[in-house]
């Protein structure tokens, strides 16, 4: 027997697979974290990518820094603090700096939750604004070339110096996270996000695609019109340690990071698998189904038609979207969901039902979670629970042939999978 232990919420789930099965564990490349993060960041701030220098903004009165909400991994150490310290070394006072929590369409974080992403002294001494895509004041910047209306947080837009901070990693339909996306989507109005995300049906709207991904290029255009001056991007490992960091012109930050992302997180296999057991990566990747679904996408890419995916996702916050629940619970089936979207329907929240349906009509998907099983059934998925994981796997293996291929993915959200048949 070979034993595996995969992240599940803030814990792990273990299971065994007999050695007579061909079983591959698919993980990002192991890369040593930076030995001196503070020094690397300091040099990045002093020598940013591009022509702009922070020193050239010495006379500005307001600095807006966009940061991720609690649904994203928090780097260890948090590079935001090094950035704030460097701004102070240039003469900026804390009263000049405002932090904007980029919620996108997620439920805005209550003040009591800010401690999950910020130190207590930061919360007490700096202005922190949690973005609300429906209630925050917006500035209208027209439309993009893709006809996306650009409505963004007015308080952030009106800052003299605008900086975005985020992790750069594979994103299942945006190509890559990070860069201007932290503000262009995270601090946008619902109409902007809804219109941009409606392009997820495009064949190039997938992980690992940047220049010809219409969704990502739409985001880049929004970022340009917002006049975002600098981006601070980090690449993390599964322990949330920093592997590399980039600072400077947002476009150059992405250009520098993307080749490394491909080297670290890209995984190519020769044939699809009969069974894929996948964890999105534990907390916060599986904080809710809205986030955990991203891990399903990469697992499904390497699963054969009529194959099986077991998704291990604790989902302590349930689905993460009431609009998703309202829609999917009333839908007849996955095929009816696909028909709705093929006929032009689109809405943030229900779009998760569409993404799941695209996989579920082709595969058998079982969700192992802490959510009430009947609720999972209402969402048109097959439920299971952590205590039944080993019996479930044993039951499945008894029905697979001895030649069956099995994949285990401990970090499926961040693992860019692709099937490339050997020639």
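Residues to consider are 54, 13; find the one that is surrounded by 13 or more Cβ atoms within 10 Å (Cβ to Cβ), touching a helix residue (DSSP H, G or I) at 6+ places or on another chain (Cβ under 7 Å) and closer than 24 Å to residue 223 by Cβ.
On the way: 13 fails: closer than 24 Å to residue 223 by Cβ.
After ruling out the rest, the residue left standing is 54.
Can you go through 35, 30, 3 and tell me which one is under 20 Å from residue 407 (Cα atoms) and in a loop (DSSP other than H, G, I, E, B)? So that I can check it myself, show each step before the final result.
Working: 35 fails: under 20 Å from residue 407 (Cα atoms); 3 fails: in a loop (DSSP other than H, G, I, E, B).
On inspection, the qualifying residue turns out to be 30.
Residues in the range 333-346: is at least one within 20 Å of residue 194 (Cα to Cα), in a loop (DSSP other than H, G, I, E, B) and either more than 27 Å from the chain's Cα centre (by Cα) or touching a residue at least 12 places away in the same chain (Cβ under 8 Å) (or both)? Step through it out loud before you land on a result.
Going through the range 333-346, the residues within 20 Å of residue 194 (Cα to Cα) turn out to be 337-346.
Then keep just the ones that are in a loop (DSSP other than H, G, I, E, B); that gives 343-346.
Restricting the remaining residues to those that are either more than 27 Å from the chain's Cα centre (by Cα) or touching a residue at least 12 places away in the same chain (Cβ under 8 Å) (or both) gives 343, 346.
The answer is yes, given that some residue of the range 333-346 is within 20 Å of residue 194 (Cα to Cα), in a loop (DSSP other than H, G, I, E, B) and either more than 27 Å from the chain's Cα centre (by Cα) or touching a residue at least 12 places away in the same chain (Cβ under 8 Å) (or both).
Among the strands (runs of 3 or more DSSP E) confined wholly to the range 125-193, which include 2 or more residues that are under 18 Å from the mean Cα position of the chain (by Cα) and over 24 Å from residue 213 (Cβ atoms)? Spell out how you get there, then give the answer.
Details: elements: 127-130, 138-143, 149-153, 161-167.
Counting at least 2 such residues, we get no strands (runs of 3 or more DSSP E) at all.
Kindly indicate whether residue 132 is modelled with pLDDT of 95 or more and out of contact with any strand residue (DSSP E or B) (no Cβ under 7 Å at 6 or more places or on another chain).
Details: modelled with pLDDT of 95 or more: yes; out of contact with any strand residue (DSSP E or B) (no Cβ under 7 Å at 6 or more places or on another chain): yes.
Answer is yes for this residue.
Could you please find all residues in the range 368-405 being in contact with a helix residue (DSSP H, G or I) (Cβ under 8 Å, 6 or more places away or on another chain) and in a helix (DSSP H, G or I)?
378
This table checks each residue for (1) buried (at least 24 other Cβ atoms within 10 Å of the Cβ); (2) in the same structural domain as residue 236 (by TED's automatic domain parsing); (3) touching a helix residue (DSSP H, G or I) at 6+ places or on another chain (Cβ under 7 Å).
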position: 283; (1), (2), (3): no, no, no
position: 290; (1), (2), (3): no, no, yes
position: 295; (1), (2), (3): yes, no, no
position: 303; (1), (2), (3): yes, no, no
position: 311; (1), (2), (3): yes, no, yes
position: 314; (1), (2), (3): yes, no, no
position: 317; (1), (2), (3): no, no, no
position: 322; (1), (2), (3): no, no, no
position: 326; (1), (2), (3): no, no, no
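The values are calculated or read from the model by the stated rules, or taken from the named source; none is laboratory data. Everything numeric in this text was worked out from a predicted model, so none of it was measured. All Cβ positions, glycine included, derive from the backbone under ideal geometry; neighbour counts span all protein chains shown.
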